[in-house]
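Take a look at the structure below.
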Amino acid sequence: MRAFRYQRPADVAEAVALLDAEPDAAYLGGGTNLVDLMKLGVQRPDLLVDVTGLPLDTVDTLPDGGLRVGATVRNSDLAAHPAVRRDHPLLSRALLAGASGQLRNMATTAGNLLQRTRCVYFQDTGKACNKREPGTGCAARHGQNRDLAILGWSEFCVATHPSDLAVALVALDAVLEVYDPGGAREIPVAELHRTPGEQPERETNLPRGALITAVRVPPLPFARRCTYLKARDRATFAFAVGSVAAALDLDGDTVRDVRLAYGAVAHRPWRAYRAEEALRGRPFTAELAARAADAELAAARPLPHNGFKVALIRNLTVRALTGLAAAVPR
Amino acid sequence: MSAPPVGAVGREHPRLEGRDKVTGAARYAVEYPVDDVTYGWAVPAMATRGRITRIDAAPALAVPGVLAVLHHGNAPRLTPGVDQTLFLLQEPTVHYRGEFVAVVVADTIEAAREGARLVRIDYDAEPHSTVLTEHHPDLYRPDTVNPGYPPDTADGDFDAGYAAAEVRVDATYRTPAYHNNPMEPHATTAHWRDGRLLAHDSTQGSTPVQATLAQLFGLPPEAVRVIAEHVGGGFGSKGAPKAPVVLAALAARHVDRPVRLALTRQQLFGPIGYRTPTIQRVRLGADADGRIEAVCHDAISQTSTVHEFAEQTAVYTRSMYAGRHRRTTHRLVRLDVPTPFWMRAPGECPGAYALESALDELATACGVDPVELRVRNDVTVDPDSGQPFSSRNLVACLREGARRFGWADRDPTPGARHDGRWLIGTGVAGSSYPARARAAAAAATAAPDGTFEVRINATDIGTGARTALWQVAADALAVPADRVTIRVGDSDLPAAGVAGGSMGTASWSWAVIRACEQLRQRLRDGVVPAEGLTVEVSTADEIRGQRPLARYAYGAHFAQVRVDADTGEVRLDRMLGMFAAGRVVNPTTARSQLIGGMTMGLSMALHEEGLLDERYGDWVNHDLATYHVSVCADVERIEAYWLPEEDPELNPAGVKGIGEIGIVGSAAAVANAVHHATGVRVRDLPIRLDKLLEHLPAR
Ligand SMILES: Cc1cc2nc3c(=O)[nH]c(=O)nc-3n(C[C@H](O)[C@H](O)[C@H](O)COP(=O)(O)OP(=O)(O)OC[C@H]3O[C@@H](n4cnc5c(N)ncnc54)[C@H](O)[C@@H]3O)c2cc1C
Ligand code: SF4
């Protein structure tokens, strides 16, 4: 393991300055992903800037009814927060579907969004990986790729983003508050992660040195009619094989509005805009839900080992939406 | 000494060392405080087959704190011909990816790890073959299969019997590589002092480790001491000396300081052994009532080019059920992979998965209830050896298990029960495991104050063995257990075999009881001298003199699963195991062995799978985030029960061993339940959601 220095800045500006001054520095949240990758030699920062002491650890209700979640709020605390459970239960459900109690106690909001792919080749420095070492090739493309992407991948990288929380935030049109050497800015969570293209090593659209300070979740009138379905290889403590975040608003039988996002299918959380489009304004039926999923998944290009994900996501979409439709008071 | 025995045996008792473990006071192999200690880090080969052409240690040695880089060019020499898997750092040959080819020693663990990353090794790589297939050109018949069975057996005329049968089942089952993954990795602290070697090693038996180290380093056995007081599991993978103890001893000699070396989780996937993948064809021919006429089990597995390990996959089929015409075969292929080794119930576990699945297929084909089918195919003498059984309570386990599970009203139709989106099914499987014992020595000392110390180099790998032996000793001495202390886990104690083959308690308690009995005898003759009175015994002669009988523990597994019709996810509702395993010394620890084994079988059925990447020749999901084992939430309800069983033909304690029987039929029971739930028969484990999803009706 590379020797590294460790700093605990007192405020956001100092944190950003520390990182800016050091080409190989990294922010440290709960460390549940970064420290593992450091041990494996996948990430080799020489300075860790621990942000968990910054005053970014509260969940606040905003005047418009939305929520602001501090970047260092622990996943457990976020999931249990009364305002979150009341106004945005999708976040709680997605979080509680992820990792384990111990991990959620450590993991932070920002760290969760910026966790790296679980592609097994990425985590093994003995294997070819364009993301870890640009230009070395993608071992997963013709290797063990059951868990990897069906949408939006490139020949350079077929990895998926593993976060459950990110899927929920994308569905909810959440916005990141970011601070970087150039000052404060905002980035929609949906624009945070990139598709791999020719540069899978560039995973996000964050400027260099940017510190995420908060995530703002706008109010959504039907936010309580939501569900997060996650298929996984064991009952708990497993990343998604495929997941669906959904919220549905019906006007009588007609879909007034809908939010749909998929996890574990692409290099980024996948907002299913095409499916939403196919649903909006139409009388809801299970067949419509299936057609909407098909519309979204028409673009899917499964890898040799993950063709089943198309049917899986389709089934989960239908179940999620029919369940919500049945639950909505008419 | 005429007070009646207190009767510690058969009573629940928590592990003696339980408190030490949960408070952190119990020390594991690399936790002993050692002055001037250094840290070793093993460097795995990055070639799959070939030769090392050059090693450049300079970048590693430049890391502050790095003391040495050992490799075949500079490591101390070992005696060849002892155990080829341990002939480490002696030759430039690479037999498999991940083989340890160097060790970096440093003042800190971090520096050692960084140094290991920086050692530059060039290879002359050769083409490799790492995938087991039934058509591999290099399949051969081994001379014996583990631990010494003949590879093939035949009785009657299988082909004719099968051809003439009214009902036939012909199915091929596949199991992937399984990795033992004990909580504590294989790890060692080694020190040399005055030409003597002291090793704290994480092993299932320090007596064999002592013997092997002595041979490898050309020392008399007395010059080597191996301590394994607490061991964080092994599941068979620590049943023989493994790389860390040799690497640590080499490194400690080289730097002339104590060395601690622990493998990483990733390094446990291969070099320390694993359960071989298997391909098993089972053919059953029966009459219309399900009475088996002909049975054949052809098993294929892999070994390495370093050492032959032949899993006894089809041996289970030799003795389990009836059938006049029987045949079993084992074929092996040497691949460029690490050597497979023991994993909980080697042979019986994968073999029973195949046979007990095939029996379920036969039950369906005949329209006979699967419990009843097994009862109909019970035997009174071992079909393999022709010997009578010392006791055989398979049918009792099936009947009593079925009663407790609530099997009676089961509708056999597959895919017919729903609970909302869940498809529900139940399954059963039989199970058996040999009840063996091996020779051991033990010593017992009486102190003048009325207390006793019993010593034996048994190993407690977390099973509760220490506690069971203490209970047995107290009863054999006929004193309250609080007057007895037991010492295990040190090669300076009287020699005993490994914790393996479910023979630990049977073998060790035998020696303990004999030592205690003799001590009692001696105490009748007089008072205890000031220095105490000690007797030491060996059971070698007694064990050699055992009557030739077929000795097995039996069990019946029942499982209920639900399968999500949308996703193919399988969840276990409940699992029940009913066992007949002789006397149970300590119900607390026995139960945890049994449900532990059952859970591991569930894990095998649904979760575990080493995913090999043929191009690299290693398993890519080499951590516990991606190599899934069942977790608590996967086991919603699990129950283990046992029948009272008195078998005088076993050993003085009357025990059969319970470490492995719990896993044997478990995977098949779950797989059979999945079939009952869905009508889909997945014949290659694990039963992952994608394998079911493609067969479930579209929604
Ligand atoms: C076995 C296992 C199972 C898991 N299962 C799941 C699962 O099912 N679902 C799921 O969603 N997750 C799962 N996780 C992942 C877990 O959720 C993440 O590891 C965790 O959320 C990361 O948060 P952290 O605060 O520990 O991040 P860290 O490890 O501290 O950091 C992660 C990354 O974020 C960066 N970072 C941290 N804070 C900031 C900030 N404020 N601004 C900018 N950059 C920052 C770091 O530099 C680093 O690159 C699992 C993890 C493990 C180990
Ligand atoms: S999929 Fe991406 S992360 Fe995985 S090996 Fe290919 S480039 Fe690396």
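Couple of notes before you dig in:
- Residue ID - farthest from B:D336 (Cα to Cα), chosen from residues in the range B:92-140 that are away from chain A (no Cβ under 14 Å) and touching a Gly at 6+ places or on another chain (Cβ under 7 Å): B:V105
- There is no residue in the range B:611-619 that is more than 8 Å from chain A (Cβ to nearest Cβ) and of a type in the set (S, T, Y).
- Test for A:M1: is it under 27 Å from B:T108 (Cβ atoms) and assigned to a helix (DSSP H, G or I): no
- Restricting attention to the range A:178-199, the residues that are closer than 21 Å to A:Y27 by Cβ, touching a residue at least 12 places away in the same chain (Cβ under 8 Å) and open to solvent by less than 30 Å² (accessible area, probe 1.4 Å) total 6.
- Qualifying residues in the range A:4-37 (those that are more than 9 Å from ligand 1 (Cβ to nearest atom) and within 14 Å of another protein chain (Cβ to nearest Cβ)) - the one nearest to B:R117 (Cα to Cα): A:F4
- Residue list for the range B:511-535, restricted to those being out of contact with any Lys or Arg (no Cβ under 7 Å at 6 or more places or on another chain), open to solvent by 10 Å² or more (accessible area, probe 1.4 Å) and of a type in the set (A, V, I, L, M, F, W, C): B:I513, B:L523, B:V527, B:V528, B:A530
- The range A:200-214 - residue that is in contact (Cβ under 8 Å) with a residue 12 or more places away in the chain and within 16 Å of ligand 2 (Cβ to nearest atom) and, of those, surrounded by the most Cβ atoms within 10 Å (Cβ to Cβ): A:P200
- Only one entry in A:N145, A:N105, A:N112 is modelled with pLDDT of 95 or more and away from ligand 1 (no atom under 16 Å from the Cβ), namely A:N145.
- Condition check for A:L56: buried (at least 21 other Cβ atoms within 10 Å of the Cβ) and either of a type in the set (S, T, N, Q) or not in a helix (DSSP H, G or I) (or both): yes
- Near pairs, Cβ below 8 angstrom, 6+ apart or cross-chain, from the range A:24-41 (in contact (Cβ under 8 Å) with a residue 24 or more places away in the chain and closer than 19 Å to B:H622 by Cβ) to any residue that is charged (D, E, K, R) and within 16 Å of ligand 2 (Cβ to nearest atom): A:N33/A:R116; A:L37/A:R116; A:L40/A:D124
- From A:R141, A:R86, A:R44, residue being part of a helix (DSSP H, G or I) and of a type in the set (K, R): A:R86
- Every condition in (1) more than 8 Å from ligand 2 (Cβ to nearest atom); (2) within 30 Å of A:S76 (Cβ to Cβ) holds for A:G152 except the one numbered (2).
- Matching residues in the range B:80-102 - criterion: being part of a strand (DSSP E or B) and touching a His at 6+ places or on another chain (Cβ under 8 Å): B:V101, B:A102
- When the range A:297-310 is filtered for residues that are surrounded by fewer than 22 Cβ atoms within 10 Å (Cβ to Cβ), within 11 Å of another protein chain (Cβ to nearest Cβ) and within 27 Å of A:D249 (Cα to Cα), only A:V310 remains.
- The range B:259-270: number of residues that are away from every other protein chain (no Cβ under 14 Å) and open to solvent by 10 Å² or more (accessible area, probe 1.4 Å): 1
- Top-ranked residue of the range A:104-117 - restricted to ones that are closer than 16 Å to A:F239 by Cβ and more than 9 Å from ligand 2 (Cβ to nearest atom), ranked as most open to solvent (accessible area, probe 1.4 Å): A:L114
- Residue list for the range B:611-647, restricted to those being touching a Phe, Trp or Tyr at 6+ places or on another chain (Cβ under 8 Å) and open to solvent by 50 Å² or more (accessible area, probe 1.4 Å): B:Y641, B:W642
- Any hit, the range B:247-258, residues being closer than 28 Å to B:A441 by Cα and more than 14 Å from chain A (Cβ to nearest Cβ): yes
- Any hit, the range B:546-560, residues being under 30 Å from B:A698 (Cβ atoms) and either touching a Gly at 6+ places or on another chain (Cβ under 6 Å) or surrounded by fewer than 16 Cβ atoms within 10 Å (Cβ to Cβ) (or both): yes
- Subset of the range A:129-145 that is more than 7 Å from ligand 2 (Cβ to nearest atom) and open to solvent by 30 Å² or more (accessible area, probe 1.4 Å) - its residue that is nearest to A:G242 (Cα to Cα): A:Q144
- The lone exception for B:T172 - which of (1) out of contact with any Gly (no Cβ under 8 Å at 6 or more places or on another chain); (2) over 30 Å from B:G596 (Cβ atoms) it fails: (2)
- Test: residue in the range A:117-126 that is within 21 Å of A:T213 (Cα to Cα), within 11 Å of ligand 1 (Cβ to nearest atom) and outside the structural domain of A:L303 (by TED's automatic domain parsing): no
- When the range A:41-53 is limited to residues that are of a type outside the set (K, R) and surrounded by fewer than 20 Cβ atoms within 10 Å (Cβ to Cβ), the one that is farthest from the other protein chains (Cβ to nearest Cβ) turns out to be A:G53.
- Being open to solvent by less than 30 Å² (accessible area, probe 1.4 Å) and not in a helix (DSSP H, G or I) is a property that B:G232 has.
- Restricting attention to the range B:628-646, the residues that are more than 10 Å from every other protein chain (Cβ to nearest Cβ) and part of a loop (DSSP other than H, G, I, E, B) add up to 5.
- When the strands (runs of 3 or more DSSP E) confined to the range B:278-393 are screened for residues that are open to solvent by 10 Å² or more (accessible area, probe 1.4 Å) and over 25 Å from B:A673 (Cβ atoms), those reaching at least 3 such residues are found at B:292-304, B:325-335.
Residue-by-condition table, conditions (1) under 30 Å from A:A128 (Cα atoms); (2) under 17 Å from the mean Cα position of the chain (by Cα); (3) away from chain A (no Cβ under 14 Å):
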position	(1), (2), (3)
B:A559	no, no, yes
B:V570	no, no, no
B:R574	no, no, no
B:P587	no, no, yes
B:S592	no, yes, yes
B:G597	no, yes, yes
B:E608	yes, yes, no
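- Only one entry of B:R15, B:R19 meets the criterion of being assigned to a loop (DSSP other than H, G, I, E, B), farther than 29 Å from B:D613 by Cα and at pLDDT 95 or above, and that entry is B:R15.
- Test result for A:R86, charged (D, E, K, R), open to solvent by 50 Å² or more (accessible area, probe 1.4 Å), within 11 Å of ligand 1 (Cβ to nearest atom) and more than 14 Å from chain B (Cβ to nearest Cβ): no
The values are calculated or read from the model by the stated rules, or taken from the named source; none is laboratory data. None of these values were measured; they are calculated from a predicted model. Here the Cβ is made from the backbone with ideal geometry for all residues, glycine too, and neighbour counts use every protein chain on show. SASA here: full protein model, heavy atoms, side chains in, ligands and nucleic acids out. Shrake-Rupley method; radii C 1.70, N 1.55, O 1.52, S 1.80 Å.
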